[in-house]
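Everything below concerns the one structure shown next.
Where a number appears in this text, it was derived from the coordinates with a stated rule and is not lab data. Nothing here was measured: the structure is a model prediction, and the numbers come from that model. Ideal geometry is used to build each Cβ from the backbone, glycine not excepted, and the neighbour counts take in all protein chains shown.
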Amino acid sequence: MSAPAEPSPASRLRRRRRLVIALRLLVLVAILGGWEAAIRVGLLDPFFFGQPSGIAVRLYEWTTEGTSVGPLWLQVWVTLYEAGLGFLIGAGLGIVCGIALGRNAMLADVFSIYIKVGNSIPRVVLGSIFIVSLGLGIWSKVALAVVMVFFVVFGNAFQGVREADRAIIANARILGASHWQVTRDVVIPSALTWIIASLHVSFGFALIGAIVGEFLGARKGMGLLIATAQGSFDANGVFAAMILVAVVALAAEGLLTLAERRLIVWRPEEARGD
Amino acid sequence: MPDGNVIAALEEFSLDVAPGEFCAIVGPTGCGKSTTLGLVAGLARPQAGSVELFGRPVAGIDRRIGFVFQQDALFPWRSVLGNVAAGPRFRGGRDADMRARDWIARVGLGGFERSYPHQLSGGMRKRVALAQTFINQPDVLLMDEPFSALDVQTRELMQEELLALWTQNRGAVLFVTHDLDEAILLADRVAVLTTRPARVKSVYPIHLPRPRQVAELRYDVRFIEIARQLADDLREEVMKTRRS
């Protein structure tokens with residue numbers, strides 16, 4: 001008889017992973033089950049707190065019959081459109097301004113004070129101005145998303161430019177690079193790590209901008225869906241919309257990670273990790 | 001200086017380097033050797049006084065200059081080929097890639113054209129840096145402790161590599177190092193600097209025959225004699241730094 005075989009490290013790892021998944025499911029079931037049970041025995045009032053089964057029903061109704069403000073896919077699409085457009089414009093502006101100010105001391109000295117002031121204003125307040133000046137259509141939401149994204153990306157692009165390796169810049173200059181060539185061939189590639197990191201975070205901000213904008217006043221969108229549900233004291237509706245937003249945000253996050261991996265292919269310092 | 005303190009790194013610093021001459025500068029750490037090279041390269045401006053190159057005051061970066069840095073200054077996002085071809089590409093020269101391939105072969109890195117710097121060893125990266133600099137055929141080559149980060153064996157190989165490349169190119173070389181042996185092995189003249197403010201304490205001509213085999217020369221009696229004399233001089237300087 002041989003001694004009982006030691007489990008191989010691979011199988012031990014697999015077993016641990018399975019345990020983690022099982023525990024995660026257990027937590028989910030405990031929370032949802034506890035919530036539902038508390039409603040059923042009368043501990044919580046479903047009018048104020050909603051209930052998981054009600055939320056599921058509301059989501060089902062929305063997908064099959066449409067929402068009170070129109071078909072569900074349209075609300076999701078409008079919000080995504082606003083957030084995506086705001087993200088592209090805000091990120092583009094942030095990158096260009098960050099690099100320009102990072103590379104030009106005069107520009108930085110002149111504008112840094114305004115950027116600081118702009119950054120200190122709570123962005124959500126700007127939503128009211130945008131609704132007044134740009135109306136209830138998509139542009140007031142796009143503008144809010146742009147503002148949300150801009151400062152994050154700008155800050156990172158600016159910092160990335162400032163962190164560019166002095167020795168590499170000196171080397172490029174000696175090798176014959178002009179100011180513009182240094183910017184294009186040294187500063188931008190080395191700032192890219194910073195910029196990409198900021199893009200990842202800032203799509204979430206764009207989504208917040210779009211939804212808050214819709215919340216303040218809109219004809220379509222997930223923000224409007226939440227506001228409408230709130231207005232009719234429909235707790236299940238608010239939770240259902242929340243879940244939708246979470247799903248959309250997670251999907252966008254996944255897409256961005258994929259895009260990032262594509263970019264990483266030519267980034268040697270990251271490729272090393274593979 | 002960020003804190004507003006100004007340190008006179010150089011004072012009455014005077015050193016002439018003839019065309020085609022290999023001149024090494026040795027001095028205690030922090031005496032302003034790197035500052036000197038930065039001034040000659042045009043990377044920094046002197047607060048007072050002037051640096052002359054080819055008989056004219058330095059105003060910006062001269063195209064006839066090459067600079068090999070102490071740290072790794074390769075472009076990490078470019079392949080070996082892209083790194084070596086950078087100079088000709090920046091300068092708008094034609095067939096940059098063809099010339100780059102030639103120089104990569106000359107420093108013994110043929111086959112590594114598509115590798116990225118992080119995939120190479122320290123010695124190989126230095127070879128890329130040498131090819132990157134020599135491809136511009138500089139008349140004046142400034143080197144700031146280029147081999148100080150390498151292990152002893154690699155350093156010796158790189159010193160021979162440098163001498164071989166220099167023999168083909170024959171520009172003037174200003175080689176800063178804190179390694180006295182390295183200075184003597186490579187240079188025609190060795191200038192020993194004083195502590196801050198840096199002055200040229202003395203200049204030693206090195207009458208060792210060329211071409212030199214670095215590995216063998218190390219054990220040559222003539223080399224040892226010169227090394228001892230210079231070491232004594234340098235020790236005096238180091239002791240002065242300690243006392244102040």
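Among rounded, prolate and oblate, which fits region B:75-137 when a ≥ b ≥ c are the square roots of the eigenvalues of its C-alpha gyration tensor, a/c under 1.5 means rounded, and a/b larger than b/c means prolate? Prolate. Each peptide in B:179-185, A:63-69, A:26-32 was scored by the mean count of other Cβ atoms within 10 Å over its residues; highest first, the order is B:179-185, A:63-69, A:26-32. Hydrodynamic radius of chain B by the Kirkwood approach over all distinct alpha-carbon pairs: 18.9 Å. In terms of other Cβ atoms within 10 Å, B:78, A:58 run from fewest to most in the order B:78, A:58. Shape class of region B:22-94 from the Cα gyration tensor (axes a ≥ b ≥ c, square roots of the eigenvalues): oblate, since a/c reaches 1.5 or more and a/b does not exceed b/c. Translational diffusion of chain A was estimated from the Stokes-Einstein equation, with Rh taken as the Kirkwood radius over Cα pairs; at 20 °C and 1.002 mPa s the coefficient is 96 µm²/s.
In a simple Cβ point-charge model (Lys, Arg +1; Asp, Glu -1; nothing else charged), region B:75-137 has a dipole of about 100 debye relative to its Cα centre. Summarising the amide proton neighbourhood of residue B:198: residues at separation of 5 or more, or on other chains, whose placed amide H is nearer than 5 Å comprise B:10, B:11. Between residue B:59 and residue B:243, the FRET efficiency estimated from the beta carbon spacing at R0 = 56 angstrom works out to 0.90. Which one of B:42, B:192, B:168 is farthest out on the positive end of the charge dipole of chain B, using unit charges on Cβ (Lys, Arg +1; Asp, Glu -1) and the Cα centre as origin? Positive-most Cα among the choices belongs to B:42. Candidate membrane-span-like segments in chain A, meaning DSSP H helices with Cα atoms spread over at least 15 Å of their own axis and a Kyte-Doolittle mean of 0.0 or above, are A:9-40, A:72-103, A:105-120, A:123-134, A:138-162, A:188-216, A:235-264, with no membrane implied.
In a simple Cβ point-charge model (Lys, Arg +1; Asp, Glu -1; nothing else charged), the protein assembly as shown has a dipole of about 580 debye relative to its Cα centre. Peptide B:84-93 shows a mean partner chain C-beta count of 4 within 10 Å per residue C-beta. Computed from the C-beta positions of residue A:259 and residue A:60, the FRET efficiency with R₀ = 41 Å rounds to 0.80. Per-residue mean of foreign Cβ neighbours for A:181-188 is 2 (Cβ atoms of other chains, 10 Å radius).
Note that region B:83-93 has calculated 3J(HN,Hα) couplings of 5, 6, 7, 4, x, x, 5, 4, 8, x, x Hz, one per residue in order, obtained from phi through the Karplus relation 6.51 cos²θ - 1.76 cosθ + 1.60 (θ = phi - 60°); glycine and proline are x. Shape analysis of the protein assembly as shown places it in the prolate category; the axes a ≥ b ≥ c from the Cα gyration tensor give an a/c of at least 1.5, with a/b above b/c.
Shielding by partners for peptide A:201-211, expressed as the average number of C-beta atoms from other protein chains within 10 Å of each residue's C-beta, is 0. With R₀ set to 56 Å, the beta-carbon distance separating residue A:100 from residue B:221 gives a calculated FRET efficiency near 0.35. Site pair residue A:18 and residue B:208 shows an inter-label distance of 6.9 nm when each label is modelled 7 Å from Cα along Cα→Cβ.
A simple spin-label model places pseudo-atoms 7 Å from Cα toward Cβ; at residue A:250 and residue A:28 they are separated by 0.7 nm. Per-residue Karplus couplings for region B:177-186, computed as 6.51 cos²θ - 1.76 cosθ + 1.60 with θ equal to phi - 60°, are listed in order as 7, 9, 9, 4, 4, 4, 4, 5, 4, 9 Hz, Gly and Pro entered as x. In this simple spin-label approximation, residue A:109 and residue B:137 carry label points 7 Å from Cα along the Cα→Cβ vector, and these lie 4.2 nm apart. Taking the longest Cα principal axis of chain B as reference, the axis of helix B:96-106 is set at about 60 degrees.
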